[in-house]
1. Of everything in the range 76-124, what is part of a loop (DSSP other than H, G, I, E, B), of a type outside the set (Ser, Thr, Tyr) and closer than 15 Å to PRO13 by Cα? Give them in sequence order.
2. Just one of MET1, MET10, MET6 is at pLDDT below 90, loosely packed, with under 13 Cβ neighbours inside 10 Å, part of a loop (DSSP other than H, G, I, E, B) and out of contact with any Cys (no Cβ under 9 Å at 6 or more places or on another chain); which is it?
3. Please go through the range 22-60 and pick out each residue that is of a type in the set (Lys, Arg) and either in contact with a helix residue (DSSP H, G or I) (Cβ under 7 Å, 6 or more places away or on another chain) or over 11 Å from TRP12 (Cα atoms) (or both).
4. Could you go through the range 167-187 and let me know if any residue there is at negative phi, modelled with pLDDT of 80 or more and in contact with a helix residue (DSSP H, G or I) (Cβ under 7 Å, 6 or more places away or on another chain).
5. Hey, could you check the range 99-118 for residues that are touching a strand residue (DSSP E or B) at 6+ places or on another chain (Cβ under 7 Å) and within 23 Å of TRP156 (Cβ to Cβ) and say which is surrounded by the fewest Cβ atoms within 10 Å (Cβ to Cβ)?
6. Being in contact (Cβ under 8 Å) with a residue 12 or more places away in the chain, part of a helix (DSSP H, G or I) and among the small types (Gly, Ala, Ser): is that true of ALA147 here?
7. Please determine whether any residue of the range 43-55 is more than 27 Å from THR194 (Cβ to Cβ) and either hydroxyl-bearing (Ser, Thr, Tyr) or in a strand (DSSP E or B) (or both).
Amino acid sequence: MLLARMTQVMHWPALIRRLRFLAGVTQVQFAEMLSIEQATVSRWERGVHVPDMCMQKHLRDMLCKLEPALPPGAIEAMPHTALLYCTHTSGLLVCCSHTVADDHQMCAKDMRYTNLAPHWPDSVQEMHDTIEGSDAWRDGEIALVRAKIYRIDNNWCDVTGMPVNGSGLFFYTGIPSNAPAEVSTNNCEITILTKDEMCS
């Protein structure tokens, strides 16, 4: 599978951006919280340097306190394909079901805070770009996303996504099926429903 050889090392640039997003602070403010220089935060986010081991532990502790109260264990235990990932860092996985982890020959806990984007097929990247480019998403008005993702191997997944607690996360579920014979492209069909459309 695509993630079978994925490193289990945390993706620190995306993780630092995730922490700043949850704390609602700038690089300067984040640096002040940690009693370090803003340039150090910038180097972390650009992937030039990695926090030392002591700082890594501190950052993980911060993340545990700041993450929205949706227990990762609840996602991991789901019997179907389920992902909770951070859209504003473009693919940082928060947690996933054991079904997903098993598909990639990994443990669900080991997959937390890894970066999925480099392993996305074009269809998933297209879906992500469409959501990110939506005015409704930027305004916090998206209630539901439905997508049919076509893959090169002529399979497709029906996917449902929902914002979680206004945290910038989407929770996706999907079940692979055989695509119609005439479908052979690596693309997707997306329907974005706003809160007003859901109520009408």
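The values are calculated or read from the model by the stated rules, or taken from the named source; none is laboratory data. Everything numeric here is computed off the predicted structure, so don't read it as measured data. Ideal geometry is used to build each Cβ from the backbone, glycine not excepted, and the neighbour counts take in all protein chains shown.
1. GLY91, ARG112, LEU116
2. MET1
3. ARG46, LYS57
4. No, every residue in the range 167-187 fails to be at negative phi, modelled with pLDDT of 80 or more and in contact with a helix residue (DSSP H, G or I) (Cβ under 7 Å, 6 or more places away or on another chain).
5. THR99
6. When the stated conditions are applied, ALA147 does not pass them.
7. no
Table: residues versus (1) surrounded by fewer than 15 Cβ atoms within 10 Å (Cβ to Cβ); (2) farther than 27 Å from THR130 by Cα; (3) modelled with pLDDT of 85 or more.
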site	(1), (2), (3)
ARG18	no, no, no
VAL28	yes, yes, yes
THR40	no, yes, yes
ASP61	yes, yes, no
LYS65	yes, yes, no
VAL94	no, no, no
SER97	no, no, yes
